[in-house]
Amino acid sequence: MPAISDTTTLATPPGHALKRTVIEPRSGWAALNLRELWDYRELVGFLTWRDVSVRYKQTALGAAWAVLQPFTTMVVFSLFLGRLAKVPSNGVPYPIFAFAALVPWQFFQYAMAMGATSLVRDQSLITKQYFPRLGIPLGAVMAGVVDMVIAMAILVAMMAFYGVWPSGWEIVLFPAFVLLVAVTAVGFALGLSALAVEFRDVQYVLPFLTQFWLFATPITFPSSIVPEPWRVVLGVNPMAGVVEGFRWTLLGTPRAPVLLFVVSAVVAVAIFTGALLYFRRVEDTFADRI
């Protein structure tokens, strides 16, 4: 939106006051102006609720779909990789080993897919009125939180069934890895949604990217089987740190190298910062290009 430079009061007859607003085009990198997003927090909440309700509207299973996809994926991985291929699982049953990784992965996958196309889907809103465009991809990401909470409940039930519990103080770091996956998801949602306005190819490339990314993340295997010199390089994938962190804090598996977590966190913050700045840079062009 163009910048509002100043507001002045014009001389008018007694008892009347008129204000003149001077609007100038904005140049350069836009200020983040996150306070404006906070002022529109109710709109973000409405967009989140809309995405959640539309997703499960007129479905026979309703919110059960939030669990069905990761659960069936876990069954396939457990059968072919855990039982037949004998992939190691750091001393815990393979089904819970895989499911603990699929919980954050499914949230990230959903947030990236829905966030990337959110601006294009809501183009009628963008072209008709002004509000912080950040609210649209943020609402799409926050809708995925509902699914992750439901999946976490199933994970806790599986932990009780297998008798696998956090082994020590590591559980206090679990919120840090939840924050890490949230930062990663929002970063990619913002960046890809802004790119999708300019290049509609994003929605076609994303499924191939997601499929490759799934097997490049230590979901079906532990990072310990990766040779030591390359284990830290694995941390360039921020989801590697998330997955290993979920398993370490919740299941008590051996801790991955600290440097892997540090690299994943740095990359996630860098992606988030760059995506946020780029989004704000091109935000004014959305209504014209969409």
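The values are calculated or read from the model by the stated rules, or taken from the named source; none is laboratory data. Quick caveat: nothing in here was measured; it's all calculated off a predicted structure. We work out accessible area using only protein heavy atoms, side chains counted, and drop any ligands, DNA or RNA first. Shrake-Rupley method; radii C 1.70, N 1.55, O 1.52, S 1.80 Å.
Using 0.36 nm per residue, how much length does the chain from TYR130 to PHE212 gain when fully extended, once their Cα-Cα distance is taken away?
Taking 0.36 nm per residue and subtracting the Cα distance, the gain is 25.8 nm.
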- Kindly report the accessible area of the chain per residue (heavy atoms of protein chains, probe 1.4 Å, no ligands, DNA or RNA), in Å². 52
- Only Cα pairs under 8 Å and at least 6 apart count here; give the relative contact order of the chain as a rounded whole percent. 24
- Item | Vicinal HN-Hα couplings computed from phi for region 189-198 (Karplus, 6.51 cos²θ - 1.76 cosθ + 1.60; Hz; Gly/Pro x) | 5, 5, x, 6, 5, 5, 5, 5, 5, 8
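Taking N as the number of residues in the chain, what is its Cα Rg relative to 2.2 N^0.38 Å?
On the way: Rg = 22.5 Å, N = 290, 2.2 N^0.38 = 19.0 Å.
So the Cα radius of gyration is 1.18 times the expected 2.2 N^0.38 Å.
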- Ignoring ligands, DNA and RNA, what percent of the accessible area of region 108-217 is carbon or sulfur (1.4 Å)? 74
